[in-house]
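The values are calculated or read from the model by the stated rules, or taken from the named source; none is laboratory data. All figures in this text were calculated on a predicted structure; none of them were measured in a lab. A quick note on method: Cβ atoms are made from the backbone with ideal geometry, for glycine too, and the neighbour counts reach across all protein chains shown.
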Amino acid sequence: MKELAILGSTGSIGTQTLDVVRTYPDRYQVYALCAHRSIDLLVQQAKEFHPEVVCIADESLYEPLKERLSALDCKVWAGTDAIAEVVTMPSIDIVVAAMVGYAGLRPTIEAIKAGKTIALANKETLVVAGEIICDLAIKHHTPILPVDSEHSAIFQSLVGEDRSEIEKILLTASGGPFRTFSLEKMRTVTAADALKHPNWEMGAKITIDSASMMNKGFEVIEAKWLFGVPVEKIQVLVHPQSIVHSAVQFTDGAIKAQLGAPDMRLPIQYALSFPERLASEFPRADLFALKDLTFEEPDLARFPNLGLAYEAMRRGGNIPCVLNAANEVANLAFREGRCGFLQMSDVIAETMNKAAFIPKPTYENYVETDKEARQIAESLL
Ligand code: MG
């Protein structure tokens with residue numbers, strides 16, 4: 001029996017993780033549920049899964065949450081300090097890190113230090129502080145298992161292989177809803193247009209990041225840290241069918257890929273059960289029904305965010321942290337109608353030029369950088 005702490009339990013990854021737990025109650029038990037502020041769903045989840053601890057990030061919701069869970073025998077905590085503490089509790093085996101954005105960094109660091117296996121969905125953690133996270137994981141012998149579908153595909157392709165024999169990582173991208181749009185047309189798209197993702201059901205922030213291809217830029221950075229491959233060896237391929245979830249090309253020319261229907265429950269379940277595979281009822285990809293599997297080069301002129309992510313890695317230091325902070329600000333502003341779709345990239349590029357460069361950042365430097373970059377980005381809107 002594995003005990004789980006689920007950070008972001010009411011989000012898209014969190015609810016699908018609970019689907020897996022529901023299917024395998026003899027293998028997985030929920031020790032802690034943590035959410036940002038979706039109190040209704042959190043209460044419902046607590047009643048179904050009976051965790052030891054329920055935690056809400058927004059402290060103003062502590063009293064109503066405690067009140068509504070008074071009939072249950074569970075501890076109720078609130079605030080970001082509480083979340084950073086919950087993940088270190090001795091009974092927990094696996095921490096599912098599925099919070100949105102920069103907020104996932106601190107609890108993930110605490111969980112690694114406590115030696116918990118990390119099922120990592122929060123890619124921003126690696127974008128912001130990949131070097132610190134990887135050093136800590138080595139020091140504390142903590143496995144980090146990818147939940148992101150592309151990285152799960154790469155991870156599955158690498159089982160039984162020597163990482164020194166990787167020639168190239170082939171990272172696939174759906175291309176999002178604006179894949180075939182002209183620059184002219186992209187200038188006037190709205191958040192509602194961007195939220196219509198062709199293949200994947202996800203939360204709002206990541207769906208906008210997918211439409212702007214910042215998500216893919218982040219995934220390049222994520223792959224670099226997870227698999228120890230320089231970004232020059234990570235190639236993005238636009239693959240609109242989202243069937244090939246990613247692939248690895250080896251030094252002898254062999255390419256191994258993982259294919260499947262687009263369903264996040266498979267990578268979530270694999271991260272929880274690795275190195276085992278568990279039977280599932282998830283939809284199967286019917287290869288006879290698929291007419292074409294196509295691959296295109298990404299267009300950096302229409303999707304400059306992808307280029308900005310490579311640039312952030314080339315510059316190194318705290319610049320990927322700046323990239324993330326500016327993107328979080330621009331992404332939210334776009335969703336709130338305060339910023340145009342293409343303007344998001346301008347704000348991010350400008351913030352990257354204006355923020356102070358720190359070549360070897362500490363955790364404290366990242367906290368300062370995040371704050372500074374958010375202020376710069378806000379001032380540019
Ligand atoms: Mg992904």
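Of all residues in segment 109-134, how many are more than 16 Å from the ligand (Cβ to nearest atom) and touching a strand residue (DSSP E or B) at 6+ places or on another chain (Cβ under 6 Å)? Number of matching residues: 4.
Selection of first residues in segment 112-136 that are farther than 11 Å from Ala97 by Cα and of second residues that are among the small types (Gly, Ala, Ser) and surrounded by 24 or more Cβ atoms within 10 Å (Cβ to Cβ), restricted to Cβ pairs under 7 Å at least 6 apart or on distinct chains, gives an empty result.
With respect to the conditions (1) on the phi < 0 side of the Ramachandran plot; (2) part of a loop (DSSP other than H, G, I, E, B), Ile118 lacks only one, and its number is (2).
Before we move on, is Ala137 surrounded by fewer than 23 Cβ atoms within 10 Å (Cβ to Cβ), more than 16 Å from the ligand (Cβ to nearest atom) and not assigned by TED's automatic domain parsing to the domain that holds Thr294? Judged against the criteria, Ala137 is a match. On the given criteria, is Ser210 within 12 Å of the ligand (Cβ to nearest atom), within 19 Å of the chain's Cα centre (by Cα), at pLDDT below 95 and of a type in the set (S, T, N, Q)? When the stated conditions are applied, Ser210 passes them. Of all residues being within 16 Å of the ligand (Cβ to nearest atom) and polar (S, T, N, Q) in segment 140-153, which is surrounded by the fewest Cβ atoms within 10 Å (Cβ to Cβ)? Just the residue, please. If we take residues in segment 140-153 being within 16 Å of the ligand (Cβ to nearest atom) and polar (S, T, N, Q), then Ser149 is surrounded by the fewest Cβ atoms within 10 Å (Cβ to Cβ). Scanning segment 217-236 for residues that are touching a Cys at 6+ places or on another chain (Cβ under 9 Å) and assigned to a helix (DSSP H, G or I) yields a count of 2. Of the residues making up segment 314-324, those that are surrounded by 22 or more Cβ atoms within 10 Å (Cβ to Cβ) and either in contact (Cβ under 8 Å) with a residue 60 or more places away in the chain or not in a helix (DSSP H, G or I) (or both) are Asn318, Pro320, Cys321, Leu323, Asn324.
Of all residues in segment 188-207, those satisfying the criterion of being away from the ligand (no atom under 16 Å from the Cβ) and either among the polar types (S, T, N, Q) or without any contact (Cβ under 8 Å) to a residue 12 or more places away in the chain (or both) are Thr188, Thr190, Ala192. For segment 216-252, the set of residues classified as without any contact (Cβ under 8 Å) to a residue 12 or more places away in the chain and either under 23 Å from Ile138 (Cα atoms) or not charged (D, E, K, R) (or both) consists of Pro230 only. In segment 14-39, the residues that are without any contact (Cβ under 8 Å) to a residue 60 or more places away in the chain form Cβ pairs under 7 Å with partners that are among the aliphatic types (A, V, I, L, M) and part of a helix (DSSP H, G or I), at six or more places apart or across chains, as follows: Val30/Val21; Leu33/Leu42; Leu33/Ala46; Ala35/Leu42; Arg37/Leu61; Ile39/Leu61; Ile39/Leu65.
Restricting attention to segment 155-187, the residues that are outside any loop (DSSP other than H, G, I, E, B) and within 11 Å of the ligand (Cβ to nearest atom) total 3.
Return a yes/no flag: does segment 46-61 have any residue that is among the hydroxyl-bearing types (Ser, Thr, Tyr) and either touching a residue at least 24 places away in the same chain (Cβ under 8 Å) or in contact with a strand residue (DSSP E or B) (Cβ under 8 Å, 6 or more places away or on another chain) (or both). Checking segment 46-61: not a single residue is among the hydroxyl-bearing types (Ser, Thr, Tyr) and either touching a residue at least 24 places away in the same chain (Cβ under 8 Å) or in contact with a strand residue (DSSP E or B) (Cβ under 8 Å, 6 or more places away or on another chain) (or both).
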